[in-house]
Amino acid sequence: MDIILLGTAAGGGFPQWNCACRPCRAARHDPAAARPRTQSSVAVSADGERWFLINASPDVRSQLALIPGAAPRPSRDLPVEGVLLTDAEIDHTLGLLLLREGRRLPVAASPVVGRILERGGGVLPTVRAFADVPFTPLPPGATVELRDRNGDALGLTVEAFAVAGGPPRFAPDAPHDGAVTGLLVSDGRASCACVPGCGALDARTTAHLAGADLILFDGTFWADDELQSLGYGTRTARAMGHLPISGADGSLASLAALKRRAVYLHINNTNPILLEDSPERRAVAGEGLTVGADGMRFSL
Ligand code: MLT
Ligand code: MN
Ligand code: ZN
């Protein structure tokens with residue numbers, strides 16, 4: 001199985017267009033000190049030719065160019081077989097609108113995510129004015145086989161699992177359970193858990209990660225009070241559905257204990273791990289974890 005990190009920043013990208021925090025200034029003026037990153041998205045394939053996206057970011061247009069074999073075709077079809085979604089957040093779904101010229105745009109996500117995106121005026125009805133958009137529900141706990149545009153098996157299965165988190169701010173009345181998921185993608189030999197948003201590493205979530213050969217995990221914030229301490233917000237990381245990396249009960253300690261290959265992605269622009277030469281970056285590396293960057297590839 002091949003995995004490409006297409007985008008490793010959280011919503012807003014890195015540097016974020018309206019931000020002058022320390023990492024954003026570094027990324028703007030000295031990219032060697034902090035590599036710029038596009039918004040959260042991953043590509044996965046069993047054969048290196050037919051790919052699925054995990055999430056469709058606002059940067060999808062440039063991200064597709066990172067996928068070998070996702071070259072435009074004379075038919076003008078979508079150059080990938082479809083899109084899996086972990087949640088309905090704007091940074092993970094706005095790209096669906098930008099792919100509308102692809103004529104046929106298969107989307108798969110948990111039923112709750114589907115319902116949020118199907119609402120009147122929402123993303124899916126909007127894209128359907130331009131393209132055929134079949135939706136495959138991924139009920140948490142069910143293993144679903146992925147198929148290509150001809151209906152042939154891709155050699156990949158996916159299981160969505162609900163994680164701690166809530167619906168997007170634009171859908172406050174949607175159910176919490178199933179609004180944010182991780183995805184376990186397997187080719188029968190190896191598996192990758194992709195969890196770009198996760199509010200807690202509870203036993204249920206940890207059980208899903210423990211057997212994965214590669215864990216792509218929520219690296220949004222280093223500290224729980226990161227936005228508050230910078231004066232950028234009032235809510236904690238946890239209240240926003242993102243378990244911070246640091247601390248005794250942060251994700252770094254818990255993931256290191258699993259002894260799996262683990263990579264942070266969906267990294268917010270304020271997070272000091274984005275600075276190549278920061279103590280926080282060294283702390284992540286010291287535990288054997290990787291700070292994700294755009295274009296990183298993994299073969300399992
Ligand atoms: C998140 O990751 O929490 C969301 O993408 C935030 C947002 O887009 O407002
Ligand atoms: Mn996000
Ligand atoms: Zn910033």
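The values are calculated or read from the model by the stated rules, or taken from the named source; none is laboratory data. What you see is a predicted model; the values in this text were computed from it and never measured. Quick reminder, even Gly has a Cβ in these numbers, built from the backbone with ideal geometry, and neighbours come from all protein chains shown. Side chains are part of the model used for accessible areas, which takes the heavy atoms of the whole protein and leaves out ligands, DNA and RNA. Shrake-Rupley method; radii C 1.70, N 1.55, O 1.52, S 1.80 Å.
Do you know which residues across the range 95-109 are more than 13 Å from the chain's Cα centre (by Cα) and either within 16 Å of ligand 2 (Cβ to nearest atom) or among the charged types (D, E, K, R) (or both)?
So in the range 95-109, the residues more than 13 Å from the chain's Cα centre (by Cα) come out as 96-108.
Listed by number, the residues that qualify are L96, R100, E101, R103, R104.
Among the residues of the range 47-100, how many are modelled with pLDDT of 95 or more and small (G, A, S)?
Residues meeting the conditions: 8.
Filter the range 180-200 down to the residues that are more than 21 Å from H92 (Cα to Cα) and part of a loop (DSSP other than H, G, I, E, B), then identify the one that is least open to solvent (accessible area, probe 1.4 Å).
A190
Any idea which of (1) in contact (Cβ under 8 Å) with a residue 40 or more places away in the chain; (2) not in a helix (DSSP H, G or I) is the one N150 doesn't satisfy?
If we test N150 against (1) in contact (Cβ under 8 Å) with a residue 40 or more places away in the chain; (2) not in a helix (DSSP H, G or I), just (1) comes out false.
Specify the residue that is nearest to ligand 2 (Cβ to nearest atom); the eligible residues are those in the range 225-242 that are touching a residue at least 24 places away in the same chain (Cβ under 8 Å), open to solvent by 40 Å² or more (accessible area, probe 1.4 Å) and in a loop (DSSP other than H, G, I, E, B).
Filtering the range 225-242 for residues that are touching a residue at least 24 places away in the same chain (Cβ under 8 Å), open to solvent by 40 Å² or more (accessible area, probe 1.4 Å) and in a loop (DSSP other than H, G, I, E, B), the one nearest to ligand 2 (Cβ to nearest atom) comes out as Y232.
I'm told Q63 meets every condition in (1) assigned to a helix (DSSP H, G or I); (2) more than 16 Å from ligand 2 (Cβ to nearest atom); (3) surrounded by 15 or more Cβ atoms within 10 Å (Cβ to Cβ) except one. Can you identify the failing condition by its number?
(2)
Say whether the condition of being among the acidic types (D, E), open to solvent by less than 40 Å² (accessible area, probe 1.4 Å) and not in a helix (DSSP H, G or I) is met by at least one residue in the range 278-299. Before the answer, list the steps.
Taking the range 278-299 first, the residues among the acidic types (D, E) are 280, 287, 294.
After this cut, where a residue has to be open to solvent by less than 40 Å² (accessible area, probe 1.4 Å) as well, the list is 294.
Checking which are not in a helix (DSSP H, G or I) leaves us with 294.
Yes, there is a match, as at least one residue in the range 278-299 is among the acidic types (D, E), open to solvent by less than 40 Å² (accessible area, probe 1.4 Å) and not in a helix (DSSP H, G or I).
For the range 243-274, give me each residue that is surrounded by 18 or more Cβ atoms within 10 Å (Cβ to Cβ) and either farther than 18 Å from C194 by Cα or small (G, A, S) (or both).
S246, G250, S251, S254, A262, N269, T270, N271, P272, I273, L274
Among the residues of the range 5-22, what is the count of those that are in a loop (DSSP other than H, G, I, E, B) and within 14 Å of ligand 2 (Cβ to nearest atom)? Talk me through it step by step, then tell me what you get.
Filtering the range 5-22 down to residues in a loop (DSSP other than H, G, I, E, B) leaves 8, 10-13, 15-21.
From the residues that got through so far, the ones that are within 14 Å of ligand 2 (Cβ to nearest atom) too are 8, 10-13, 16.
Qualifying residue count, the range 5-22: 6.
Among the listed residues L96, L78, which satisfies the condition of being closer than 25 Å to E159 by Cβ, away from ligand 3 (no atom under 16 Å from the Cβ), part of a loop (DSSP other than H, G, I, E, B) and not acidic (D, E)?
Details: L96 fails: part of a loop (DSSP other than H, G, I, E, B).
Just a single option satisfies the conditions, and that option is L78.
Could you count how many residues in the range 153-179 are assigned to a strand (DSSP E or B), open to solvent by less than 20 Å² (accessible area, probe 1.4 Å) and not small (G, A, S)?
Residues of the range 153-179 that are assigned to a strand (DSSP E or B), as a first pass: 153-162.
Pick out the ones that are also open to solvent by less than 20 Å² (accessible area, probe 1.4 Å) and you get 154, 156, 158, 160-162.
When the remaining residues are screened for being not small (G, A, S), the result is 154, 156, 158, 161.
Of the residues in the range 153-179, 4 are assigned to a strand (DSSP E or B), open to solvent by less than 20 Å² (accessible area, probe 1.4 Å) and not small (G, A, S).
Looking at (1) open to solvent by less than 50 Å² (accessible area, probe 1.4 Å); (2) in a loop (DSSP other than H, G, I, E, B); (3) under 24 Å from C24 (Cα atoms), find the lone condition where A212 falls short.
With respect to (1) open to solvent by less than 50 Å² (accessible area, probe 1.4 Å); (2) in a loop (DSSP other than H, G, I, E, B); (3) under 24 Å from C24 (Cα atoms), A212 is out only on (3).
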